[in-house]
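A short worksheet on the structure shown next.
The values are calculated or read from the model by the stated rules, or taken from the named source; none is laboratory data. In this text the structure is predicted, and so the values were computed from the model without any measurement. Here Cβ is always computed from backbone atoms with ideal geometry, including for glycine, and neighbour counts include all displayed protein chains.
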Amino acid sequence: MAQFLQYAFSGLTVGAVYALVALGFTLIYNASGVINFAQGEFVMLGGMVTVFATMAGVPLPLAALLAIAVAVLVGISLHLFAIEPAKGASAVTLIIITIGASILLRGLASVIFDKRFHALPAFVPGEPLRIGGASILPQSILVLAGAAIIVLLLWLFMSRTLMGKAMIATAANRMSARLVGINTVWIICASFAVSAAIGAVGGILVAPITLTNYDVGTLLALKGFSAAMLGGMGNPLGAIVGGLVVGLLEAFGAGYISSAYKDAIAFIVILLVLFVMPNGLFGKAGVERV
Amino acid sequence: MSLLSVRDIGIEFGGVTALQGVSLDVRPAEIFAIIGPNGAGKTTLFNVISGLYLPKQGRIELHGKDVTRFPVHRLSELGLSRTFQNLQVFFRMTAVENVMVGRHLHEKRGVLAHLFALPSVKRQNAETRAKAEELLAFVGLKGISDQTAGNLPYGALKRLEIARALAAEPKVLLLDEPAAGCNAVETAEIDEIIRKIAANGVAVVLVEHDMRLVMKISHRIHVLETGRTLVEGTAQEVRTNPKVIAAYLGKHAGEDAQHA
Amino acid sequence: MKMPKISQRHGVVLAILAIVLLLPFVMPSNFYFRIATLTFIFALAVLGLNLVMGYAGQVSLGHGGFFGIGAYAVAVGPVHFGIPGWAALPLGAALAGLIAFLIGRPILKLKGHYLAVATLGMGILIAMVFTNEARFTGGPDGMSVPRLVLFGWAVRGPITWYWVSGITLVIAAWLAMNLIDSPTGRAFRAIHDSEPASGVLGVDVARYKLTAFVLSAVYASIAGAFLALYDGGVTPRTADFLRSIEFVTMAVLGGLGSVIGSLVGAAFLTVLPQVLTVFHDYEHIVLGLLIILFMIFLREGIVPAIANRIFGRQR
């Protein structure tokens, strides 16, 4: 039981980060139809900028804010200088552009920062908490709480603000949204900014636990995308559930079956789910209209 | 004996009934029209007949054989072909290649022979192409064979779909709004094409909004309203039927069913 | 452009043949032969990917896995089972085809991004076997591959492999062009544009998707075997998901649905990193920038975009 809990805690911690990446995928996808494979780089930027800013003597909270600002700036630039100029290109062309952006950002990070692994000190120092025989780091709780707060803020933003409602309208039908006077370019831009911020916060929170370097974004994008698809593309709730499920599967797979095959278990489950539910856990089954 | 037989078809989408208790029979060489206000379920019925949607109840018979659960591609082997209301042209292929795909079930398959372009494959390719060119000429599209379909105007694409469907040598041909977007001259041409097809013994099932065309060429007309059969009969019978008049006036009064 | 299809078909094959025949005259050193050989090998895999992605319109983010099966077949076969390389290569191709056949059935029912993630998962699962079954594969460090010996002749060195891979690419392109202009190829392209219309016309959509998938897996596997034999070694890096992404990037950059585009895309991502080494640490920055710029300005892919500009709006 203690072991089970232990795996569950670590699975949820990692899963929370996957969920944030998946949420980022979903936001951008809903607003623009683009699958952004540079999503993992926002997480990388969050961690790396914070690490290097604190090393330069900037106090942690300020460093974290700076990292979020940098990620948001990068997200907006990605939209303005790479996605918007390619407007009307096919989905696969846009995906390759985001892959190019991800290579570019990794290259920039390796030059501006370095290629080594870095860790941040835990934000909340202290002994691991004992729960049911399992121990959990205070930082892990912070990650989970942070992710929950982000989700809550996002939900409030979407349901309570005009901007959020405009984003939902754009996701539902871009053409109609434009007709009722929503500036969809601005909305897509905002979705890149919000996605980048969410990714960066995830990267900052998890940096003390999992280490960070210029290259962490690749795997995170892979897992986040898989999680988003598992949940059902375009469904924010699905993204969160998908992320947590992938994290838990990895942790249990590594713990009970084989650490070498921990990713295998996650992907086998994803494949099996898709065979039964071809639109993911929460995806809508569409009727083909001809 | 009827060629195509639709028996008590019912289907719903997300709890909304799109068709209920629809039955009809189509005989060889007959021009059979299905009409009704927007949302009456005409295209849905086509999709059920051609195997794209599985009905919740009822069955479809071709040559007296129950084909309700047949996969789509098997139905063409039994002589069913169709066109699409909203155009399902192969936009990246040339006009003649579009029609050549229609010959698919009459061509010898075998990936290895195709990979090595054996002489028999080359010969077959030439035959298929010749047949396709003939059909393009039949629908009045001579001389555009090697143009990419995506670059052709709407009217040409409508005919291209007819040629493509004919390439399969169907016994039953479903035409979904063949005259949509056509001017008077083009409509007259479509009229003539449909008559010729039927004269060859093919049963033509027609969904069409151009009432003048429908009344002129149809042997029988089946009227749907909100997924149910209203009446069926000759043009004369349908035209004078008070229920039909009400249904079409009702449409103007805004009682247009929005589903399906 | 009123050219009959037949001559266009032969034109593409002849163009690739001409490149293979003429390139040696302008290449000053073995290093160039090596780069050209790698280009041809990757082009072979991308050509296969193009059959399923460019023609049949089914995305695959897992072809690195099939590439790896070919590569490990010529490594594991001779070392652990005493199968000579010349026999291990077709066996590997058959195995890749079989796995594609078995996995393809359920996977190809998925559409769009769901298909992408399923193929991605498939590729990762295959790669994971290479990393973890160290008894056979040497684990993360990989293993060395015995030289290919054909009728007592050891196939080795960049110049020999240049010709082997170049001629194979020409044959592969010829086969692909034949296929594209056959009932099978027309079925692929029809499925890409409209599945309902294809089905209504008698095309067994599921079967042809599977055919394209299996063929492309065989192409990728042969390419993988070539790389392993040429390099004399193989590591899990040969087959990881970055390889899959690289193939897709090559296919899209060169132009989906273009046989010449497969070669151009492969050349772009093979030659460019070599050229960019002059930028040292800035290599990836420039590479990423170039990919973005090419995709913005030649969004249909390099070859179709240039062809459109020269010949007007034609296929």
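Kindly indicate whether B:Gly79 is in contact (Cβ under 8 Å) with a residue 60 or more places away in the chain, within 12 Å of chain C (Cβ to nearest Cβ), on the phi > 0 side of the Ramachandran plot and of a type outside the set (A, V, I, L, M, F, W, C).
yes
Here is a check on your reading of the model: is C:Ile171 among the β-branched types (Val, Ile, Thr), within 14 Å of chain B (Cβ to nearest Cβ), surrounded by fewer than 24 Cβ atoms within 10 Å (Cβ to Cβ) and in a helix (DSSP H, G or I)?
On the way: among the β-branched types (Val, Ile, Thr): yes; within 14 Å of chain B (Cβ to nearest Cβ): yes; surrounded by fewer than 24 Cβ atoms within 10 Å (Cβ to Cβ): yes; in a helix (DSSP H, G or I): yes.
So C:Ile171 fits the description; yes.
Select from the stretch A:238-270 the residues that are facing chain C (nearest Cβ under 9 Å) and crowded, with 19+ Cβ neighbours inside 10 Å and write down the one among them that is modelled with the lowest pLDDT. Walk me through how you get there before you give the answer.
The first filter runs over the stretch A:238-270 and keeps only residues facing chain C (nearest Cβ under 9 Å), leaving A:258, A:260-261, A:263-264, A:266-268, A:270.
From the residues that got through so far, the ones that are crowded, with 19+ Cβ neighbours inside 10 Å too are A:263-264, A:266-267, A:270.
Working: A:Asp263: 80, A:Ala264: 84, A:Ala266: 85, A:Phe267: 88, A:Ile270: 90.
Ranking the candidates gives A:Asp263 first.
Please list, ordered by first then second residue, the pairs with beta carbon atoms under 6 Å, 6 or more apart or interchain, first in the stretch C:180-203 and facing chain B (nearest Cβ under 7 Å), second aromatic (Phe, Trp, Tyr).
C:Ala187/C:Tyr208; C:Arg189/C:Tyr55; C:Ala190/B:Phe90; C:Asp193/B:Phe90; C:Asp193/B:Phe91
Which of the residues that make up the stretch B:110-130 are part of a helix (DSSP H, G or I) and crowded, with 17+ Cβ neighbours inside 10 Å? Don't jump to the end; show me each part of the working.
Here is the first cut: in the stretch B:110-130, the ones part of a helix (DSSP H, G or I) are B:111-115, B:119-130.
Once the filter is applied, which keeps residues that are part of a helix (DSSP H, G or I) and crowded, with 17+ Cβ neighbours inside 10 Å, the stretch B:110-130 yields B:Val111, B:Ala113, B:His114, B:Leu115, B:Val121, B:Gln124, B:Asn125, B:Thr128, B:Arg129.
Going by the structure shown, is C:Ala93 within 14 Å of chain A (Cβ to nearest Cβ), in a helix (DSSP H, G or I) and surrounded by 15 or more Cβ atoms within 10 Å (Cβ to Cβ)? Can you show your working first?
On the way: within 14 Å of chain A (Cβ to nearest Cβ): no; in a helix (DSSP H, G or I): yes; surrounded by 15 or more Cβ atoms within 10 Å (Cβ to Cβ): yes.
It is false that C:Ala93 is within 14 Å of chain A (Cβ to nearest Cβ), in a helix (DSSP H, G or I) and surrounded by 15 or more Cβ atoms within 10 Å (Cβ to Cβ).
Within the stretch B:83-93, can you find the residues that are within 8 Å of chain C (Cβ to nearest Cβ) and touching a strand residue (DSSP E or B) at 6+ places or on another chain (Cβ under 6 Å)?
B:Phe84
Just one of (1) more than 8 Å from chain C (Cβ to nearest Cβ); (2) of a type outside the set (Val, Ile, Thr); (3) in a helix (DSSP H, G or I); (4) in contact (Cβ under 8 Å) with a residue 60 or more places away in the chain trips up B:Leu175, so point out which.
With (1) more than 8 Å from chain C (Cβ to nearest Cβ); (2) of a type outside the set (Val, Ile, Thr); (3) in a helix (DSSP H, G or I); (4) in contact (Cβ under 8 Å) with a residue 60 or more places away in the chain applied to B:Leu175, the lone miss is (3).
Being within 16 Å of the chain's Cα centre (by Cα) and among the polar types (S, T, N, Q): is that true of C:Asn50 here? Give the derivation first.
Numbers: within 16 Å of the chain's Cα centre (by Cα): yes; among the polar types (S, T, N, Q): yes.
Yes.
Quick one: in the stretch C:129-177, of everything that is of a type in the set (D, E, K, R) and in contact with a strand residue (DSSP E or B) (Cβ under 9 Å, 6 or more places away or on another chain), which residue is nearest to A:Asp263 (Cα to Cα)?
Initially, the stretch C:129-177 is screened for residues of a type in the set (D, E, K, R), giving C:133, C:135, C:141, C:147, C:156.
Pick out the ones that are also in contact with a strand residue (DSSP E or B) (Cβ under 9 Å, 6 or more places away or on another chain) and you get C:147, C:156.
Numbers: C:Arg147: 34, C:Arg156: 37 Å.
For the stretch C:129-177, the residue satisfying everything is C:Arg147.
Which condition number does A:Tyr214 fail, the rest of (1) within 11 Å of another protein chain (Cβ to nearest Cβ); (2) out of contact with any Leu (no Cβ under 9 Å at 6 or more places or on another chain); (3) of a type outside the set (Lys, Arg) being met?
Failed condition: (2).
Every residue in the stretch A:70-107 that is more than 8 Å from every other protein chain (Cβ to nearest Cβ), among the small types (Gly, Ala, Ser) and within 9 Å of A:Glu41 (Cβ to Cβ), please.
A:Ala71
Given the conditions (1) over 18 Å from the mean Cα position of the chain (by Cα); (2) surrounded by fewer than 18 Cβ atoms within 10 Å (Cβ to Cβ); (3) facing another protein chain (nearest Cβ under 8 Å), and given that B:Glu107 satisfies all but one, which numbered condition is not satisfied?
B:Glu107 satisfies every listed condition except (2).
Do we have B:Gly58 as small (Gly, Ala, Ser) and away from chain C (no Cβ under 13 Å) here?
Working: small (Gly, Ala, Ser): yes; away from chain C (no Cβ under 13 Å): yes.
It is true that B:Gly58 is small (Gly, Ala, Ser) and away from chain C (no Cβ under 13 Å).
Between B:Ala184, B:Ala199, B:Ala163, which is more than 12 Å from chain C (Cβ to nearest Cβ) and either at positive phi or in contact (Cβ under 8 Å) with a residue 60 or more places away in the chain (or both)? Can you show your working first?
Working: B:Ala184 fails: either at positive phi or in contact (Cβ under 8 Å) with a residue 60 or more places away in the chain (or both); B:Ala163 fails: more than 12 Å from chain C (Cβ to nearest Cβ).
On inspection, the qualifying residue turns out to be B:Ala199.
Would you confirm whether or not the stretch A:224-235 contains a residue that is within 11 Å of another protein chain (Cβ to nearest Cβ), over 14 Å from the mean Cα position of the chain (by Cα) and surrounded by fewer than 19 Cβ atoms within 10 Å (Cβ to Cβ)?
No, there is no match, as no residue in the stretch A:224-235 is within 11 Å of another protein chain (Cβ to nearest Cβ), over 14 Å from the mean Cα position of the chain (by Cα) and surrounded by fewer than 19 Cβ atoms within 10 Å (Cβ to Cβ).
Among what's in the stretch C:49-62 and is out of contact with any Leu (no Cβ under 7 Å at 6 or more places or on another chain) and in a helix (DSSP H, G or I), pick the residue that is nearest to the other protein chains (Cβ to nearest Cβ). Please lay out each step first, then the result.
Step one: list which residues in the stretch C:49-62 are out of contact with any Leu (no Cβ under 7 Å at 6 or more places or on another chain), which gives C:49, C:52, C:55-57.
Checking the rest, the ones that are also in a helix (DSSP H, G or I) come to C:49, C:52, C:55.
Numbers: C:Leu49: 12, C:Val52: 13, C:Tyr55: 9 Å.
Result: C:Tyr55.
If you check B:Ile194, B:Ile221, which single one turns out to be at pLDDT 95 or above, part of a helix (DSSP H, G or I) and of a type in the set (Val, Ile, Thr)? Working first, answer last.
Values: B:Ile221 fails: part of a helix (DSSP H, G or I).
Selected residue: B:Ile194, the only one of B:Ile194, B:Ile221 that is at pLDDT 95 or above, part of a helix (DSSP H, G or I) and of a type in the set (Val, Ile, Thr).
Inside the stretch C:180-237, counting only helices (runs of 4 or more DSSP H) that do not spill past its ends, which hold 2 or more residues that are farther than 20 Å from B:Leu115 by Cβ?
Numbers: elements: C:183-193, C:195-200, C:205-231.
Because the criterion is at least 2 residues that are farther than 20 Å from B:Leu115 by Cβ, the helices (runs of 4 or more DSSP H) in the stretch C:180-237 that meet it are C:195-200, C:205-231.
Just one of C:Leu293, C:Leu253, C:Leu242 is without any contact (Cβ under 8 Å) to a residue 40 or more places away in the chain, part of a helix (DSSP H, G or I) and either under 18 Å from the mean Cα position of the chain (by Cα) or surrounded by fewer than 18 Cβ atoms within 10 Å (Cβ to Cβ) (or both); which is it? Reasoning before the result, please.
Numbers: C:Leu253 fails: without any contact (Cβ under 8 Å) to a residue 40 or more places away in the chain; C:Leu242 fails: without any contact (Cβ under 8 Å) to a residue 40 or more places away in the chain.
Only one candidate passes the filter, namely C:Leu293.
Any residue at all in the stretch A:27-40 that is closer than 22 Å to A:Thr212 by Cβ and either away from chain C (no Cβ under 14 Å) or of a type in the set (Ser, Thr, Tyr) (or both)?
Among the residues of the stretch A:27-40, not one is closer than 22 Å to A:Thr212 by Cβ and either away from chain C (no Cβ under 14 Å) or of a type in the set (Ser, Thr, Tyr) (or both), which makes the answer no.
Could you look through the stretch C:249-283, keep only residues that are touching a helix residue (DSSP H, G or I) at 6+ places or on another chain (Cβ under 9 Å) and farther than 27 Å from C:Tyr162 by Cα, and pick out the one that is farthest from the other protein chains (Cβ to nearest Cβ)?
Per the criteria, the residue is C:Phe279.
Scan B:Ala33, B:Ala95 and give me the residue that is within 24 Å of C:Ala212 (Cβ to Cβ), crowded, with 23+ Cβ neighbours inside 10 Å, of a type outside the set (Phe, Trp, Tyr) and modelled with pLDDT of 95 or more.
Details: B:Ala33 fails: within 24 Å of C:Ala212 (Cβ to Cβ).
So the residue among B:Ala33, B:Ala95 that is within 24 Å of C:Ala212 (Cβ to Cβ), crowded, with 23+ Cβ neighbours inside 10 Å, of a type outside the set (Phe, Trp, Tyr) and modelled with pLDDT of 95 or more is B:Ala95.
Picking from A:Arg116, A:Arg130, A:Arg106, which residue would you name as being crowded, with 19+ Cβ neighbours inside 10 Å and among the charged types (D, E, K, R)?
On the way: A:Arg116 fails: crowded, with 19+ Cβ neighbours inside 10 Å; A:Arg130 fails: crowded, with 19+ Cβ neighbours inside 10 Å.
Of the residues listed, the single one that is crowded, with 19+ Cβ neighbours inside 10 Å and among the charged types (D, E, K, R) is A:Arg106.
May I ask you to list the residues in the stretch C:226-235 that are of a type in the set (Gly, Ala, Ser) and farther than 10 Å from C:Gly68 by Cβ?
First pass over the stretch C:226-235, keeping only residues of a type in the set (Gly, Ala, Ser): C:228, C:232-233.
Once the filter is applied, which keeps residues that are of a type in the set (Gly, Ala, Ser) and farther than 10 Å from C:Gly68 by Cβ, the stretch C:226-235 yields C:Gly232, C:Gly233.
State yes or no: is B:Val72 crowded, with 17+ Cβ neighbours inside 10 Å, within 14 Å of chain C (Cβ to nearest Cβ) and over 29 Å from A:Lys284 (Cβ atoms)? Outline the logic, then answer.
Values: crowded, with 17+ Cβ neighbours inside 10 Å: yes; within 14 Å of chain C (Cβ to nearest Cβ): yes; over 29 Å from A:Lys284 (Cβ atoms): no.
When the stated conditions are applied, B:Val72 does not pass them.
For the stretch B:1-99, which fully contained strands (runs of 3 or more DSSP E) count at least 3 residues that are over 30 Å from C:Tyr55 (Cβ atoms)?
Per the criteria, B:4-13, B:16-26, B:31-35, B:57-62.
Is it fair to say C:Asn50 is in contact with a helix residue (DSSP H, G or I) (Cβ under 6 Å, 6 or more places away or on another chain) and surrounded by fewer than 17 Cβ atoms within 10 Å (Cβ to Cβ)?
Details: in contact with a helix residue (DSSP H, G or I) (Cβ under 6 Å, 6 or more places away or on another chain): yes; surrounded by fewer than 17 Cβ atoms within 10 Å (Cβ to Cβ): no.
In short, no.
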